[in-house]
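Let me begin by presenting the structure, written as structure tokens, before commenting on it.
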Amino acid sequence: MNWLTQTLGSAIGKKLLMAITGLSFIGFLAAHLAGNLTIYGGKDAFNSYAEHLHALGPLLTVAELGLLTFALIHVLTGALLFYQNWRARPTRYAVDRSSGGRSIGSRTMPYTGVIILAFVIFHLINFSFVDKRHITIFELVASAFQNPLYVVAYVAAMVVVALHVSHGFWSLFQTLGANHPKYMPAITIIGLGLSLVFAIGFGFIPVYILFIA
Amino acid sequence: MTKTINITLKIWRQKGPEAKGRLETANAANISTDMSFLEMLDVVNEKLTVDGKEPIAFESDCREGICGSCGCVVNGEAHGPEKGTSLCQLHMRHFNDGDTIVIEPWRARAFPIIKDLIVDRAALDDLIRAGGYISVNTGSAPDANTLPVPQRDAELAFDAAACIGCGACIAACPNASAMLFVGAKVSHMALLPQGRPEAAKRALSMVGKMDDLAFGNCSNHKECEAVCPKEISITNIARLNREYIKAGFGSAEK
């Protein structure tokens, strides 16, 4: 095996792959949220944001392919880690109690991950893989969120994303070796802050459209 | 006056490595709250022996919290409910009259059960052989202070070196990962000048061995740090990650 696959295939290498792809997704979420917030500027602001984004043309395609590659790496590595970790303890404990380390986020990581994957596919089918020649993106979004079931599904998905980020953010810095007495407290707080920002920032949009807009 | 309590134990009994084990109930009557957990098991074993039954096999040696021999999962927690305490230093005053205590062995694929509560921790020795050492020429001792070590580094190295190799970190890890153990060993030596020459080789070799031995992967649950009787910090895992990144991508070692 060559040194690169050997390094990336080890216990730490796989975690590095999770950390780097995870950090990229947090960057993506931040950019996506910033774009989505234009919806509070009204129909025209939101449509104009979408037009400007699509005006990037090939750059956007490259970014999408990059995200897809990262998603494949994150999901496949995550699945492998889940399988190996499950296999590392063939007999479970009769009593399994936390001594105070685990958090709701950390213990649900694989499950929230699967839900997020399902949500991303659902979300892409809703808003990305649709014929947009005769409809603006605002109309598409506004009509989807007239259905309370969609609103509930989207809000719930954002809570799941927040849980995933609540553990993922500080954890990725730990994996990258960036656990420093001066910075770790701030990293932990920023991680929790980001979870809240994502949950409220994304989660309020469907509610806003259903009840206010 | 010494207080005594009566407790019910549910203990994992398993005749041998291949035998099927199960939780069996035993009573521990008139247990002084001044006893340690292992002394309580001694009392139970004396009764079992007198009754002509097989005593419970468990491991212990120094019984003063420094050898790393003892350890069981008590009510779902490695070394029981007290922080920074090995099982031999856990006292019965932390339990109440009438309590039911479930006692299980360390559980990990890398730690096969030998009998009852005793597991084979040879995997930890394999990890040490993979890189938990420094190579020095024997001969006359070097002069003191020829290798200056900053006080802070010496303290951090010593904190990592406090690891007694009990295996609680692996037992408590939801993934049965050995990252805190390896992190402590790698940190202990990487922080000192004597450990630097082999640092890259050590990090690669110990992590490779950890994978070969079928330990799980770290998910940063922090359970290891919470149960460690020597309270070894997960900052040692971060240091292991740094050492591994440096070794994997920056050194010529393969």
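Readers should treat all values here as calculations from the given coordinates under stated rules, not as data from a laboratory. Owing to the predicted nature of the structure, the values given are computational and were not obtained by experimental measurement. Don't worry about glycine lacking a Cβ; one is built from the backbone with ideal geometry, like all the others, and counts go over all protein chains shown.
Considering only A:Val151, A:Val120, A:Val159, the Gaussian network model of chain A with Cα springs below 10 Å gives its largest mean-square fluctuation to A:Val120. Note on B:Ala162 and B:Ala252: their simple-model spin labels are 3.9 nm apart, each label 7 Å out from Cα toward Cβ. Helices in chain B, meaning DSSP H runs of at least 4 residues, each add -39500 (n - 2.57). Divided by all residues, the mean residue ellipticity at 222 nm is -9500 deg cm²/dmol.
The stretch B:204-249 to the stretch A:122-177: how many Å between their Cα centroids? Here the two parts' Cα centres lie 34 Å apart. Let's test the formula: R0 of 35 Å, r as the Cβ-Cβ distance of B:Val149 and A:Leu59. What FRET efficiency results, to the nearest 0.05? According to the calculation, E is roughly 0.10. In order along the stretch B:41-52, the phi-based Karplus estimate (6.51 cos²θ - 1.76 cosθ + 1.60, θ = phi - 60°) of 3J(HN,Hα) comes to 5, 4, 4, 4, 5, 4, 5, 4, 5, 4, 6, x Hz; Gly and Pro are listed as x. For the options A:Ser24, A:Ser128, A:Ser171, a Gaussian network treatment of chain A with springs between C-alpha atoms closer than 10 Å singles out A:Ser128 as fluctuating the most. Neighbour counts of other Cβ atoms within 10 Å put A:Glu64, B:Glu77 in the fewest-to-most order A:Glu64, B:Glu77.
For the stretch A:18-31, the Karplus equation 6.51 cos²θ - 1.76 cosθ + 1.60, evaluated at θ = phi - 60°, returns couplings of 4, 5, 5, 5, x, 4, 5, 5, 5, x, 4, 4, 4, 5 Hz by residue, with Gly and Pro reported as x. Given H placed on each backbone N at 1.01 Å, which residues far from B:Asn217 in sequence or on other chains put an amide H within less than 5 Å of it? It is A:Asn85, by chain and number.
Average 1/r across all pairs of distinct alpha carbons in the stretch B:1-111, invert it, and you get the Kirkwood radius: 14.5 Å. Of interest is the spacing of the C-alpha centroids, which for the stretch B:123-185 and the stretch A:76-116 amounts to 28 Å.
Averaged over peptide B:66-77, the number of partner chain Cβ atoms lying within 10 Å of each residue's Cβ comes to 2. Legend: mean number of C-beta atoms from other chains within 10 angstrom of residue C-beta atoms, peptide A:6-18, equals 6. Here the Gaussian network model covers chain A, with springs between Cα atoms less than 10 Å apart; of A:Ile187, A:Ile26, A:Ile104, A:Ile104 fluctuates the most. Sorted largest first, the spans of the alpha carbon positions of chain A along the three principal axes are 55, 42, 37 Å.
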